[in-house]
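Colleague: Take this structure, written in structure tokens, and hold onto it; I'll ask about it next.
The values are calculated or read from the model by the stated rules, or taken from the named source; none is laboratory data. Predicted model, so just to flag it, every value in this text is computed and none were measured. Heads up, the Cβs are rebuilt from the backbone with ideal geometry, glycines too, and the neighbour counts pull from every protein chain shown. For accessibility, only protein heavy atoms count, side chains too; no ligands or nucleic acids. Shrake-Rupley method; radii C 1.70, N 1.55, O 1.52, S 1.80 Å.
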Amino acid sequence: MLTPQTIPIDFRAPPPSPVASGRTSSLTNDDVLSEFLETSLRVPHLVLPDKIFPKQKNLETPPKVDFVSLCFHEDEAVYDVVSDSMARIGCFQLVNHGIPRELMASTAEAALGIFDVAAEKRAAVMRTEEKAWGFEEEEMGGELSEEFVWCKDEELKLKMEGILPIGYTKFSQKMETLLSRIEKVAEKIDLVMLKNFASDADIINRGHQLNGTLCCIYKYHEEDNVTEKWVDSLRYDVIRMLIKGTDYSHSLCMHVCDGASEFHIYSKKSWLSFQPEESALIITGGDQTQILSGGHYKHVIGRPFFKGENKDNTSMAFLYSSQYNKTICQTNREGTISLDQQVILAIILTLMYHVLVYVYTFF
């Protein structure tokens with residue numbers, strides 16, 4: 001008699017699942033899979049549209065504007081020329097401004113000595129997010145030019161005098177003299193340009209509060225005066241502007257670049273080059289002017305080009321701003337929701353929507 005312990009257990013594995021018969025061979029299936037993978041994993045060929053870097057235009061030269069007629073005679077016809085030019089191309093040339101050509105030339109020549117500072121000594125005077133002044137770190141554009149940002153700052157003065165005891169003191173004195181003349185001219189132009197976009201009280205406040213003008217000094221190397229390289233450097237500056245925004249918020253930029261063979265202007269929608277007038281100040285619009293004019297005036301960047309020169313050259317870009325302009329622009333920016341903030345808000349609203357749907361469905 002078999003006990004439960006001795007009864008063998010009859011365990012059988014389940015039969016295999018039936019496989020549908022088909023005529024497609026494994027070789028054909030492999031081909032289909034390979035074609036699917038090849039199509040799915042193919043990287044698209046991306047080409048930037050031409051409108052990001054529009055073709056260079058040489059159709060017009062910014063008008064030459066007489067400073068005395070614009071700011072002292074208050075000639076409405078001259079004002080209309082400035083207003084129209086700033087609205088279309090964001091630039092005009094200022095002549096008869098009263099700043100001696102010898103002062104601009106001697107200051108530019110003295111600025112060359114700043115770039116003789118050795119690389120290891122520049123580390124203590126490099127520009128950072130906390131310090132607006134100093135040597136700019138060389139990136140893509142460093143192959144073509146060097147940049148030093150100067151302002152009337154006591155810490156900068158002490159550090160540079162420790163590196164260049166004699167040369168910097170002489171240079172700084174010339175810069176302060178030129179800066180005082182530049183600011184007087186810029187203040188007059190700023191008041192005239194924005195007179196139709198502000199009240200009388202705004203004009204009075206704007207004219208008596210300087211914010212401290214910065215000066216970007218560029219040294220252009222003799223061996224790098226090649227048009228193709230210079231265009232690439234300008235494009236790099238534009239990409240940096242689009243990504244980072246304006247490094248130095250300003251109302252007007254006063255370019256001292258006597259001797260330049262060309263001057264290039266670039267905005268987000270246009271690119272223009274022209275031959276500048278001798279001894280003229282090239283005036284370009286800044287972000288503050290664009291905001292305070294309600295978008296009527298353009299914000300552009302400008303760079304001179306010294307073609308065929310057999311020596312190193314320098315140019316200076318004075319970034320003028322009054323404290324009143326800066327305060328108003330900061331207020332306007334604070335009231336504007338940025339793109340990043342809009343994306344975060346959209347994500348939060350989407351999550352809230354899904355949570356509400358879940359609660360409504362199950363409760």
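Colleague: For the stretch 252-286 and the stretch 57-89, write down the distance between their C-alpha centroids in whole Å.
Modeller: Cα centroid to Cα centroid, the span is 14 Å.
Colleague: Over the stretch 249-301, average the accessible area per residue using a 1.4 Å probe and give it in Å², no decimals.
Modeller: About 30 Å² of surface per residue is accessible.
Colleague: Can you pull the accessible area of ILE347 for me, 1.4 Å probe, Å² to the nearest 10?
Modeller: 100
Colleague: Continuing with the same structure: Under a 1.4 Å probe, what is the accessible area of the stretch 107-183 per residue, stated in Å²?
Modeller: On a per-residue basis, the stretch 107-183 sits at 53 Å².
Colleague: Now for a different question. Using a 1.4 Å probe and counting only protein heavy atoms, arrange THR61, THR314 so the residue with the most accessible area comes first.
Modeller: THR61, THR314
Colleague: Something else about it: Sort 253-264, 77-88 by the packing proxy (mean of other Cβ within 10 Å over each peptide's residues), most packed first.
Modeller: Going by the mean number of other Cβ atoms within 10 Å, highest first, we get 253-264, 77-88.
Colleague: Quote to one decimal, in nm, the extra length available between THR361 and LYS157 on full extension: 0.36 nm per residue of separation minus the C-alpha distance between them.
Modeller: 66.6 nm
Colleague: Shifting gears a bit: Excluding ligands and nucleic acids, what accessible area in Å² is computed for LYS157 using a 1.4 Å probe, to the nearest 10?
Modeller: The accessible area of LYS157 comes to roughly 70 Å².
Colleague: Further question on the same structure: Length gain on complete extension for the stretch SER261 to LEU191, per 0.36 nm per residue less the alpha carbon to alpha carbon distance?
Modeller: My answer for the length gained is 22.1 nm.
Colleague: Something else: Measuring from label point to label point, each 7 Å out along Cα→Cβ, what is the ILE347 to LYS64 span in nm?
Modeller: The two pseudo-label positions are separated by 5.6 nm.
Colleague: Please list, short to long, the whole-number percent of alpha-carbon pairs of the stretch 143-186 in consecutive 5 angstrom bins beginning at zero.
Modeller: 5, 18, 25, 23, 16, 11, 2
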